[in-house]
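The values are calculated or read from the model by the stated rules, or taken from the named source; none is laboratory data. Everything numeric here is computed off the predicted structure, so don't read it as measured data. Cβ coordinates were reconstructed from backbone atoms using ideal geometry, including for glycine residues, and neighbour counts include every protein chain displayed. Only protein heavy atoms, including side chains, enter the accessible area calculation; ligands, DNA and RNA are left aside. Shrake-Rupley method; radii C 1.70, N 1.55, O 1.52, S 1.80 Å.
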Amino acid sequence: MSLRRTLPIIALVYGIEGFPMGAHELWPIYLRRNGASLVEIGLLATLGSAWTLKLLWSPLVDRFGEPRRWVAGSMAAMAAALLWIAYSAPHASLSPALWAAFWVYCLASATQDIAIDGYAIGITRRGDEGPVNAIKAIAYRAGMLLATSLLFLPRWLGWSATFALAAAISAAMALAVFAAPKLDVAERERRQLARALGRWLRARDATALILFIMLYRIGDLAMGPMLSAFWVDRGFSDEAIALVSKSLGIGAYVVGAMLGGWGVYRLGIERALWIFGALGLVSNLGYAAVAALPALGRAGVYAAALGESFSSGLVSAAFLSYLMRVCEREHAAVQYALLTAAYRLPGIPVASLSGWLTEWLGYAGYFALTAAMALPAFAFLRRTACRLGADAG
């Protein structure tokens, strides 16, 4: 499929994939407004285990059914979970009903990711990863922006109506996915999954590959759960969080993703990972600085947020290109699920402890700690470059 035809399809499916993660970002604000503690908000990050455990059912998505149907079914399940959240009364602590709704939502979102990621790799030609991942990152953030823009509504409609509207949008997206063309994979190739996966994992650099992926973005995963709470505790309104941290932040991310896609094309994937990864660590230190120096005021927090979003766009374009390149097209759903599960795995225990660590170290100390967490990843990057083929170096 030509790049010109591929890019609009990528934009559609990743816009759909981004919406659930944007809705997910509303939860810490909703809970903090209703009296939940930092410890409880940090524990909510344990639900991210769905994106690690998705490896367990990814063979079902790879082996059976058609990707668009998996996506539609997942979006329908998320719509039901959002309605559940909408009509569960908020409390100062997380109720079992809310925990169950959040868990169902995360399981469905993780399943959708398996199907969309495998579909995207299946329609992308080798060498097109840079522009494809730039559009992928932009569309994903556009979907997130649609969800986070709902933060403007609770003041006027209340949280229940806001989550009900999010459910209606999810249901509409379940139908919209069928605008993408069907992806056909030969039945014989699907049946060779176990053998192909075993060969792929027995490669000499497999351990370095997994360790690099586990560590490269751990700083972002560790810092994420505390960012919304930091904004709330600094006295920002829901509207200010929606406008700057979410909406303008997504704009900065889009610019970063566009430049990142161009950088991958010009520099190659490996060099882009080195340069953009270093910039990502600096952005964590920016948040640490504004947390340590309240005198920097709102302008300092705004600058830190936009800098973090911009660098995240750069890093995402390079990192996602790397993940796509090292997967085999015929079994991309399972292999990509394995890699993204490895990416999220270390973030789960760290994020779940983020509330305790922040209460102990303070926001500034914790944000600085997250910057140091990703440094070991660079020791493994060079050892995995051979998987990038001609793009390495």
For the chain, with +1 on Lys and Arg beta carbons and -1 on Asp and Glu, the positive-most of Ser309, Leu339, Ala137 along the dipole:
Leu339
Fully extended contour minus Cα-Cα distance, from Ser237 to Ala289, at 0.36 nm per residue:
16.6 nm
Please list 26-34, 287-295 highest first by mean number of surrounding beta-carbon atoms within 10 Å per residue.
26-34, 287-295
From phi via Karplus (6.51, -1.76, 1.60), per-residue ³J(HN,Hα) for segment 205-212 in Hz, x at Gly/Pro
9, 4, 5, 4, 4, 5, 5, 4
With the full set of protein chains in place, find how many percent of the accessible area of the chain is carbon and sulfur; take the probe as 1.4 Å.
67
With +1 on the Cβ of every Lys and Arg and -1 on the Cβ of every Asp and Glu, and nothing else charged, how large is the dipole of segment 69-168 about its Cα centre, in debye rounded to the nearest 20?
120
Vicinal HN-Hα couplings computed from phi for segment 366-372 (Karplus, 6.51 cos²θ - 1.76 cosθ + 1.60; Hz; Gly/Pro x):
5, 4, 5, 4, 5, 5, 6
Relative to the Cα centre, what is the charge dipole magnitude of segment 1-100, using +1 at the beta carbon of each Lys and Arg, -1 at the beta carbon of each Asp and Glu, and rounding to the nearest 20 debye?
280
Given the DSSP H assignment, sum -39500 (n - 2.57) over each helix run of at least 4 residues in the chain and divide by its residue total; what's the result at 222 nm in deg cm²/dmol, nearest 500?
-25000 deg cm²/dmol
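Taking only protein heavy atoms and a 1.4 Å probe, what accessible area per residue, in Å², does the chain have with all protein chains in place?
That works out to 39 Å² per residue.
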Please find the FRET efficiency linking Arg125 to Val282, where r is the Cβ-Cβ separation and R0 is fixed at 45 Å, and quote it to the nearest 0.05.
0.85
Can you give the relative contact order of the chain as a percent, counting alpha carbon pairs under 8 Å and 6+ residues apart?
29
What does the extension gain come out to for Arg382 and Ser2, with contour length at 0.36 nm per residue minus their alpha carbon separation?
133.7 nm
At R0 = 41 Å, how high is the FRET efficiency between Phe64 and Arg298 if r is their beta carbon distance? Nearest 0.05 is fine.
0.20
Taking the alpha-carbon centre of each part, the distance from segment 106-131 to segment 43-67 in Å is 13
For segment 99-157, what does the alpha-carbon gyration tensor say about shape, rounded, prolate or oblate, given a ≥ b ≥ c as the root eigenvalues, a/c under 1.5 as rounded, and a/b over b/c as prolate?
oblate
